[in-house]
Amino acid sequence: MSDIYQEIQKRILILDGAMGTMLQQYNFSEEDFRGQRFKDYPSSLKGNNDLLSLTQPAAVKEVHRKYFAAGADIVETNTFSSTTIAMADYGMENLVYEINYESAKLAKEAAAEFTEKEPHKPRFVVGSIGPTNRTASMSPDVNDPGYRAVTFDELRVAYKQQVEALLDGGADLLMVETVFDTLNAKAALFAIEEVKSERNIKVPVMISGTITDASGRTLSGQTAEAFLISVSHIPLLSVGFNCALGANLLQPHLETIASKTDVAISAHPNAGLPNAFGEYDETPYEMALQIEEYLKKNLINIIGGCCGTTPAHISAIAELAEQYEPRKLFANI
């Protein structure tokens, strides 16, 4: 199989769009989320998208296929919330290994199908590792600023289980994404390095932070440059940003880090900002026009979409990216 390190130097790689946006289009009911296996489960399961890898695997695989058909080189596993910490909301901590394993397997099957059809354009699977619903560096209680809802070690253990299952299921690389608290991300990166060491393997690692507002900082208060510096001790394939902002608002932060690192730069912005109903109105054409500014400035090695993006968005971005050279890499990747 071709190496992602080779491919990333040949062209701008295309990441997929939003899994959640696509799954919403199926209008799955509570019964659909449950499937036969969880029909008598004591709590509500609707909204647990990661569980659909077990109860609606055909739909999850179909989403992966649609993104590959649209031009994606890399698809993310349906595992954004697949840690024991996040799955505790549903009382499904015991299913975490299985969900990650099966999600990676589904994506890998779709990738193999497209690689076989187009061997000149190998497809890859990135294990999606979300931030969890807790933060290690801030208190959720304004009256007790010293309190933490989760410890570094609890995060490390949870992430390690997720990483092992994603790799066992066939993920080619891993992405710690939507990082709002870099301490959480450091726990995930620590866990990845642990697994790499124990298994004596090399795994390409992407990290993608999220700038939460116009201040240009992450939720835990870091600027784009500070975020970059604080994760640069880890051997990375790429560093970048996703979510929270549309493509135009993300650009200055990408410019900041692109000028200060030799590793690849990734971005998967939202399709603009949400409207009053929480929906995303930016068309594929509008989004691609904004992303073209990244390409003109030679900022990017990996580009995709986050909230609100569909295969149509990815197709428009992929067509555009073909016309541009990737940002030059100087690191020994």
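Rule-based calculations on the coordinates, nothing more; no lab input. Since the structure is predicted, the reported quantities are computational estimates derived from the model, not experimental observations. Here Cβ is always computed from backbone atoms with ideal geometry, including for glycine, and neighbour counts include all displayed protein chains.
Points worth noting:
- Sequence-distant residues sharing a close amide H with residue 327 (under 5 Å, placed H): 300, 301
- Calculated from backbone phi, Karplus (6.51, -1.76, 1.60) coupling profile of the range 96-108 in Hz, x at Gly/Pro: 4, 4, 4, 4, 5, 4, 5, 5, 5, 5, 4, 5, 5
- Relative to the 2.2 N^0.38 Å rule of thumb, the chain has a C-alpha radius of gyration ratio of 0.93.
- A run of the chain free of exposed loop cleavage sites, with GluC sites (Glu not before Pro) counted only in DSSP states other than H, G, I, E and B and at most 16 other beta carbons within 10 Å, reaches its longest extent at 1-278.
- Structure-based [θ]222 nm, the chain - -39500 (n - 2.57) summed over DSSP H runs of at least 4, per residue, nearest 500: -12500 deg cm²/dmol
- Amide H contacts under 5 Å for residue 179, placed H, 5+ residues apart: 208, 209, 210
- Residues whose placed amide H lies under 5 Å from that of residue 217, excluding near-sequence neighbours: 212
- Per-residue ³J(HN,Hα) for the range 282-295, Karplus 6.51 cos²θ - 1.76 cosθ + 1.60, θ = phi - 60°, Hz, x for Gly and Pro: 5, 6, x, 5, 5, 5, 4, 4, 5, 5, 4, 5, 4, 5
- Karplus (6.51, -1.76, 1.60) ³J(HN,Hα), θ = phi - 60°, over the range 233-243, in Hz, Gly and Pro reported as x: 7, 9, x, 10, 6, 8, 9, x, 9, 8, 6
- Size of electric dipole in the chain: Cβ of Lys, Arg +1 and of Asp, Glu -1, about Cα centre, debye, nearest 20: 560
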